[in-house]
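Each reported figure results from applying straightforward, stated rules to the coordinates on display, with no laboratory input. Quick caveat, the model's predicted, so the values are computed rather than measured. So basically every Cβ, Gly included, is an ideal-geometry build from the backbone, and we count neighbours across all protein chains shown.
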Amino acid sequence: MTTNSPAPQFFPAGFVPTEEQTRIQTSRSRTSLVIANAGAAKTTTLALRIGEALTRGLPPEDILALTFTDEARQVLQTRLVDVGIAYNTARRINVLTVEDYAQRVLAKVEDGKPEPPPSTREQQSYALFALENVAANNPQYADLLDIRTHNTAVSQFLDNLLKLKATMRIAPDDGADALFIAESAGVTITDYLWAVEYEKQRVDVFGYVDARGFFDATYDLARLLRSASDPREVLAPYKLVLVDELHDINEASFCIIEALLNVDVTYFVGVGDKDQVIYSHLGADESFLQTRIRASFPDCANFPLTMTYRHGPHLAYAMEAFKNKPVDSNLPLRTEIHEATYADTPGDCGAQVVKAILQWKQARKPLDQCCVLLRDAHQSIEIENALMTAGVQYRTLTMKSYLLREEILFLRGMLAIALDDFHHVAAPATREAIVGALTTFAEVPLTPKELQEAQTTLAKEPSALKHFFTGQIQRVGSPAARARISDAVEQLRALSTDSPAYLALEAVRDQMDMEKLAKRLYVHPYEASVVTRSVNGFIASAKASGKTLREFSEWIGAAEAFVGARPGKNTVQMDCIVNVKGKEFEHVILPFMDADAFPDPLRKAGEEENLFYVAATRTKSRLTLVSTEDAARRSAFIARMLLAATQKRADTALRRNMAAPVKAVGHRDLKVAYANRDVVKALGAQWDKTRKVWYVPSGVDLEAFREWLAE
C-alpha cells in the first residue's frame, strides 16, 4: 500500500488547502477512507480530489461521485465549481445519488421501465392490496398476526419495509425463519410477512418489476449484484469513485459500492464521520466506517479531517471532550456557548428560548439564521406557544407544527364534533387531515377511496362533520373504540362552553385511554411515548392558557393562521435534530437539555450521543443550551463538554487564530483576452486546463503581469 503523496497539480480558486486536505487530494492509494469531523469540509475535499484527477488528465466521464441525498448531491455539484473546476467540465462529471445511480444501471439491463407509485396514497393502496395475501399465504403464523388497515399502520409498515430493504433482511424463500428475521430486524411478524408479500407483488417470479418506489432501485440493484456471478456483467467501470456522507451507508448501498470497487476502479475515496450515524432506523451503522470497508479492501489507507470550518475553537474543543477525539479549528471566530436554566413551572423553558431569541435579535443578528432544534417533536408545543405569545414569527422545516400532528388533530376533531364547529378550521387541507386522524384513532376501517371521499366532502363542507360522526365513526368503527369515542363526545357535550378547555381535553384523553391507544396504534414504545407526551403537552398548554372550551377552539384556528403565515426574513426556524444533518445555522438553541429528555431513555445511548453531537455542531456563532435549574436533573451531555476546563485552551487558540496571517494563495490568476494568450505564455504564465484560466505560478515576479492580474 502506497500512502506517500506527490505534489498537487490542481490549485483551487481563492484558498489554500490544509495539509490534511492535500494528502487526500494527492493520495496514490487505490482505496482511501477519510474519517472527518463535523464541518471539516468533507465535500470540498472530495471536490479537490476530483480537481486533481482532472488536472492529471482523467476525463470527467470516468469519474463517479455518489451521495445519499439529493441535497448532498446538489451541494457537491456546486462545490466542484466553487473550487474552480470549469462549469462545463463539472457538468460532465457523474454526480448522482446512490438511488439515481441504481436507476441508471437498472435501466440498461432491464427490458421495461417500472412505474413509480405516483403518490404516497397510491403506495398505501399498493401495500393494502399485498396485505390481503398475508394471512392466506402464512397460515402457520395465524395466531401471531395483527392485521390493521388504518393509515398509521400502513405508514409504520412502509417505514419498516424501507428498513428491511436497507438492511437486506427480506427473504422471500418459504423455508426462511420469518420469526427470527423479524425479531432480529426489530419489526413485527405481521410487518415482515407483509413485506414479503409486498415484494412478491412488486417483483414476480420471472423478475419482472411492476413498480419501483423510493429506495427500490437501490434494493433491486443490490439484490441483482448479489445474485450475479460477476459484477462486470452489470456495472460499467469508472476510474475514480467517490462517496460523500458514508455515515449514512446501509447494507444495500454498501453492496453496490463494494461491487463497484471490484469493477476495474483505479481509485476510491470515501468520506464520513462515525459520530454522525443517526439513521439506524434506515440501516446506517458505524461498522461500515469502522470495519466493513477495511475488511473488504485490506489495502485501504486512512486519512483524518480534524479541522472544522464551521465554528471556532470553543465549540471545537467542547466537542473534542464530548466525543473523545481530536477536533480543532483555525477560524478566528468565538463561537459562544450560552447556558440558560428554566424553573420547574409550566412554560418557563419556552420563555427562556424566547429570551435567547430576542437577545440575538437585539444584537442585530438575522432571525432566519436562528434555529431551535428539538430532541422530540412533542417538545415543540411549549416552544411554539411561547413564540406565538411573544409574537415571534417562526416556521418549521421538515417536521410539522404540533397543531398539525395526528394526535393533536384527533383532539381538535373531537372538540369540533362536541361543539359542532368545524368552521374555525379554515384550511381545507387541515380539515382533511383531521378526518384522517379521527378515522385512525377511532379505528374506523375505511378503504383509501372511502377515506378520500370523506376528506374531500368535509374539506368543502365542514358542517358535514356531525354526519361523518354518526354515519361512519358511530356506525362502522370497532365496537370498543366506538363506545369510547361516543362516551367522550357525550362528556364534552355535557360541558358548558365556558368550562376550562383543559378539563375537556383531559376527559377525551382519559375516556379514550390515549396512552393505551397510542401503544396499540404505534408498535414501537418510543413512538407511542412521543404521542402520549404530545397529548399531555397539549393539555398542559390549554391549562396554562386559562382559556374556556370555546375560547380555546377559536384560539387554535388563529394559532394555525399564525403558523401558516408566509415566512419572512425575521422568521425563526425550528426542527427536530434528526432532520438537520448537513445543515448549518448561525445560532442553534437546544431546549429541554434534561436527564430524562436527552438522552432519551428509550433509545440507544450511542445514537443519542451522536444526535447531540450533530445538533451542537450545526451552529457557527452561538450555541444556547437550555436546561432545568435543578443541576441534578440536567443532561449529562452538558457536563461531558467540559466547558470550564476547555475555556482557557480555547481562548489561547482563538488569539492564535486571530493573530495568524492569512495564508496567501501561491499562484495568481490572470484575466487574459484570447488575443494575449501567447504574450502571457511567453512571460511564464501557465494554463490551468481544469479551471480554464491562465495563472502565474508561485515564486514568479508579478510585475510583468500587472495589467492582467485578476482582482
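Here is how the numbers come out for the structure above:
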quantity: Cα principal axis extents for the chain, largest first, Å; calculated: 94, 66, 50
quantity: Length released on extending from residue 647 to residue 115, taking residue separation times 0.36 nm less the Cα-Cα span; calculated: 185.8 nm
quantity: FRET E, pair residue 208, residue 107, Förster distance 22 Å, beta-carbon r, rounded to 0.05; calculated: 0.90
quantity: Value in Å of the Kirkwood radius, where region 402-553 supplies the Cα pairs that are averaged; calculated: 15.4 Å
quantity: Inter-site label distance for residue 94 and residue 566 at 7 Å from Cα along Cβ, in nm; calculated: 4.4 nm
quantity: Sparsely packed chymotrypsin sites (Phe, Trp or Tyr not before Pro) within region 321-406, loop by DSSP, other Cβ within 10 Å at most 10; calculated: none
quantity: Average Cα contact separation per residue, region 120-211, under 8 Å, 6 or more apart, as relative contact order %; calculated: 33 percent
quantity: Fully extended contour minus Cα-Cα distance, from residue 132 to residue 491, at 0.36 nm per residue; calculated: 125.4 nm
quantity: Contour minus Cα-Cα distance for residue 447 and residue 677 (0.36 nm per residue); calculated: 75.6 nm
quantity: Span from the region 183-233 Cα centroid across to the region 424-471 one, whole angstrom; calculated: 35 Å
quantity: Simple label model, 7 Å out from Cα along Cβ direction - residue 345 to residue 659, nm; calculated: 4.8 nm
quantity: Cleavage-rule hits (trypsin sites (Lys or Arg not before Pro)) in region 392-465: DSSP loop, at most 16 neighbouring Cβ within 10 angstrom; calculated: 400
quantity: Per-peptide average of other Cβ atoms within 10 Å, ordering 196-205, 17-26, 290-299 highest first; calculated: 17-26, 196-205, 290-299
quantity: FRET efficiency, 1/(1 + (r/R0)^6) with R0 30 Å, evaluated for residue 171 and residue 147 via beta carbons; calculated: 0.90
quantity: Approximate spin-label separation residue 709-residue 180, in nm, with each point projected 7 Å along Cα-to-Cβ; calculated: 7.4 nm
quantity: The chain: calculated mean residue ellipticity at 222 nm from DSSP helix runs of at least 4, using -39500 (n - 2.57); calculated: -14000 deg cm²/dmol
quantity: DSSP beta bridge pairing in the chain, given as percent antiparallel to the nearest 5; calculated: 20 percent
quantity: Part-to-part distance (alpha-carbon centres) for region 134-154 and region 262-331, which is given in Å; calculated: 41 Å
quantity: Förster-model FRET efficiency, 30 Å R0, residue 583 and residue 125, C-beta, rounded to 0.05; calculated: 0.30
quantity: Neighbour cut-off at most 14 other Cβ (10 Å), DSSP loop, GluC sites (Glu not before Pro), region 593-660; calculated: 629
quantity: Partner lysines for residue 583 [C-alpha distance under 23 Å; skip if fewer than 8 residues away on the same chain]; calculated: 42, 274, 323, 325, 361, 365, 400, 569, 620
quantity: Kirkwood estimate for region 617-663, i.e. one over the average of 1/r between Cα atoms, Å; calculated: 13.3 Å
